[in-house]
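The values are calculated or read from the model by the stated rules, or taken from the named source; none is laboratory data. Quick caveat, the model's predicted, so the values are computed rather than measured. Here the Cβ is made from the backbone with ideal geometry for all residues, glycine too, and neighbour counts use every protein chain on show.
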Amino acid sequence: MKRLTHSTMSRAAARDEVIVLSDSSSDDERRAAQPRSLRLLTWNIDGLNDSGLLPRARAVLAEVARVNPDVIFLQEIVPDHIACLREGLHRAGFEWHDGGAPRMFPYHVAIALRRSTCRMRPGSGELTAFADTAMTRHVLRVDADVGGVHVRLLTSHLESTSETTSSARRTAQFGECLIELTTSDAAFSIFGGDTNLRDAEAKQVRAQLLGGNAGLVRDAWEELGSMPATRWTWDTGINNNCGIAAAIKCRFDRVFYAGGGRATQLQLAGLQKLPPPVALHPSDHFALCCDFQIGEDGSTSTSESSSGRGSAAAAAAGPAGSGSGGSAPPAKKRKL
């Protein structure tokens, strides 16, 4: 199938057309040449804004067709567009996982795996409500085999807003996610999503939780040179979906990873507006598209990373950012 361009995507979404996704031969060749590569797309798709919701959901599907990822992390999924997204991704060859979140939360996250490149591990999949949240926030974990490599995948939408109480909750939630990364028995682990993190918060949690092992958990944007072009995933000067007059830039969406692998490329996606009458971006957030080399092609061996993760886990008494350094209350979990 011919790869969709931004303009084609926008016109199709605005005309209320069904967009059929398919693998492109060029990306099939890329995967054949690099069997241990993985492409991730993570995106808060702005489901809480009901303006142009279904056309924007179709634009998300079209952007997936253009980017052609192996793994998709989605945040802010709501009942009014979940069928459109789930069915569109199924037709494209993806397997949808949400851990039963639609029955538990008014909006939620999901992970989609391309069936031709990723295989979910039997018994894998867990949805965890954070121990402390005022916004029904949660984390979804899926274990998969990618080219024979065990990969742990986590996505979440961490607590929003800049208030002190929200910041404390957000840092504790981030700490819970980092513990998942650093205690995993997978060869490679990825956490990505709408973290809402401020730079000082991310630095604080990594330092407090991991101490001298802070480098075990890497930030893809930082590892790839902290390029200005891919820094801001929420930019009201470019994206006016929220109707905010002031120009505000934030790096809310982030990708962290640990273990035997490395990020090789990071790009923004979802940059194009739909044409009138919708005249909105697919979301108020831009997506992050991150390429990885994993397993033997990575920069860190599995044995080395496993040893380091064990040391970091032993040093962590509980999620950082809680202020006490003690253990967090047990979180609620639900198996897929």
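Tally the residues that are in a helix (DSSP H, G or I) and out of contact with any Ser or Thr (no Cβ under 9 Å at 6 or more places or on another chain), restricting the search to segment 148-171.
2
Name the residues in segment 236-251 that are in a loop (DSSP other than H, G, I, E, B), touching an Asp or Glu at 6+ places or on another chain (Cβ under 9 Å) and not hydrophobic (A, V, I, L, M, F, W, C), would you?
Result: Thr236, Asn239, Asn240, Asn241, Arg251.
Which of (1) at pLDDT 95 or above; (2) surrounded by 19 or more Cβ atoms within 10 Å (Cβ to Cβ) is the odd one out, the single condition Leu210 does not satisfy?
Going through (1) at pLDDT 95 or above; (2) surrounded by 19 or more Cβ atoms within 10 Å (Cβ to Cβ) one by one, Leu210 breaks only (1).
Which one of these does Leu268 not meet: (1) within 24 Å of Arg39 (Cβ to Cβ); (2) outside any strand (DSSP E or B)?
(2)
Across segment 241-297, what is the total count of residues that are of a type in the set (Gly, Ala, Ser) and crowded, with 20+ Cβ neighbours inside 10 Å?
Of the residues in segment 241-297, 10 are of a type in the set (Gly, Ala, Ser) and crowded, with 20+ Cβ neighbours inside 10 Å.
So which of Leu21, Leu74, Leu4, Leu38 is under 21 Å from the mean Cα position of the chain (by Cα) and modelled with pLDDT under 95?
Matching residue, one of Leu21, Leu74, Leu4, Leu38: Leu21.
I'd like to verify a number: residues in segment 217-226 that are touching a Leu at 6+ places or on another chain (Cβ under 8 Å) and either crowded, with 21+ Cβ neighbours inside 10 Å or hydroxyl-bearing (Ser, Thr, Tyr) (or both), how many?
3
List every residue pair whose Cβ atoms lie under 7 Å apart, where the two residues are 6 or more positions apart in sequence or sit on different chains, the first residue falls within segment 48-75 and is within 28 Å of Ser37 (Cβ to Cβ) and surrounded by 24 or more Cβ atoms within 10 Å (Cβ to Cβ), and the second residue, located anywhere, is of a type in the set (Ser, Thr, Tyr) and at pLDDT 95 or above.
Asp70/Thr117; Phe73/Thr42; Phe73/Thr155; Gln75/Thr155
Got at least one residue in segment 227-235 being buried (at least 19 other Cβ atoms within 10 Å of the Cβ), within 20 Å of Ser160 (Cβ to Cβ), touching an Asp or Glu at 6+ places or on another chain (Cβ under 6 Å) and of a type in the set (S, T, N, Q)?
The answer is yes; a qualifying residue exists.
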